[in-house]
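Laboratory data are not the source of any read-out in this text; all were calculated from the coordinates shown. This one's a predicted model, so the numbers in the text were calculated from it and none came from an experiment. Don't worry about glycine lacking a Cβ; one is built from the backbone with ideal geometry, like all the others, and counts go over all protein chains shown.
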C-alpha cells in the first residue's frame, strides 16, 4: 500500500523544516521552531470483585501538552501583543487580562519541499502561559536572540479539508 495517495511514487515522509504558523488571519513572521503536538490519555484501571488479580484498562481524561513557538527577536510585535492580552503590566485593576480575546485559534501548516501545504493542524483556544522576550544575553556567544511563547490550549486536530497536493514535476531543458 502506498504511503501517499496522490503522489504514489513518493517514498519519503515530509520533512520537519518547512512550516507556517497563523493566527488572527495572518501568518506570523519568522517562526523557526514549533514543539511537538502531543496528547496523552490517562489509563483508568478497574476490576470486578470476583475477577482474578489482573485489572482491566479503559481510557480516561485526555490532556494536551503545551506548545512552544520560537523565533528570532525582531521588531514584529505578534508574540509580545498576544502575551500582553494575557497580562498587561500596569494596565490597572481589572484591565490586566483581555478576557474577550486572549484565546486564539492557531493554524499550523506543514509544507512539502515545493512549499505546498501538505498537512494542516488547528489548535483550539490557545493562550500564552509563558513569554520569553529575550534570551540570556552573552557578549561571548555567537547566537541569534530567540523569543519564545508557550501556549496552553484545549486541543488540536488535523484539518481533513487539507488534502495531499499534487507535487510538481519539471522536465530538464
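If each residue of separation counts as 0.36 nm, what is the full-extension length gain between residue 87 and residue 169 once their alpha-carbon separation is subtracted? All intermediate terms of the calculation are to be shown ahead of the outcome.
Values: separation 82, 0.36 × 82 = 29.52 nm, distance 4.94 nm.
Length gained between residue 87 and residue 169: 24.6 nm.
How high is the relative contact order of the stretch 70-148? Use alpha-carbon pairs under 8 Å, at least six apart in sequence, and give a whole percent.
Values: 102 pairs, mean separation 27.1, N = 79.
Result for the stretch 70-148 is 34 percent.
Can you give the FRET efficiency for residue 134 and residue 38, using 1/(1 + (r/R0)^6), R0 = 30 Å, r = Cβ-Cβ distance, to the nearest 0.05? Intermediate results must be reported in sequence, preceding the final value.
Numbers: r = 27 Å, r/R0 = 0.91.
Efficiency for this residue pair is about 0.65.
What is the gain in length, in nm to one decimal, between residue 7 and residue 63 on full extension, counting 0.36 nm per residue of separation less the C-alpha to C-alpha distance?
Numbers: separation 56, 0.36 × 56 = 20.16 nm, distance 3.44 nm.
Taking 0.36 nm per residue and subtracting the Cα distance, the gain is 16.7 nm.
Give, in whole angstrom and from largest to smallest, the semi-axes √(5λ) of the equivalent ellipsoid of the chain, with λ running over the eigenvalues of the Cα gyration tensor.
Numbers: eigenvalues 213, 193, 55 Å².
Semi-axis lengths for the chain are 33, 31, 17 Å.
Which residue, 91, 139, 29, tops the fluctuation ranking in a GNM of the chain built on C-alpha contacts under 10 Å?
It is 139.
Could you please rank 76, 12, placing first whichever residue has the fewest other Cβ atoms within 10 Å of its Cβ?
On the way: 76 14, 12 9.
Least crowded to most crowded, the residues run 12, 76.
Taking the chain as a Gaussian network, Cα atoms linked when under 10 Å apart, which of 130, 42, 65 shows the biggest mean-square fluctuation?
42
Could you list log10 I(q)/I(0) for the stretch 1-61 at q = 0.19, 0.21, 0.24, 0.25 Å⁻¹, which the Debye formula gives when each Cα is one point scatterer?
Log10 I(q)/I(0), no solvent term: -0.89, -0.95, -1.01, -1.03.
What nm value, rounded to one decimal, do you get for the distance between residue 14 and residue 157 when each label is placed 7 Å out toward the C-beta?
Spacing of the two 7 Å Cα→Cβ label points: 1.8 nm.
Please order 74, 68 by the number of other Cβ within 10 Å, starting at the fewest. Walk me through the numbers before you get to the answer.
Details: 74 12, 68 15.
Lowest count first: 74, 68.
Considering only C-alpha atoms, what is the centroid distance from the stretch 134-150 to the stretch 54-82, in Å?
After rounding, the separation between the Cα centres reads 21 Å.
According to a simple spin-label model (label point 7 Å from Cα along Cα-to-Cβ), what is the distance in nm between residue 116 and residue 98?
3.7 nm
Using Cβ counts within 10 Å as a stand-in for footprinting exposure, how do 99, 93 rank, fewest first?
Working: 99 9, 93 5.
If I rank by nearby Cβ atoms, fewest first, I get 93, 99.
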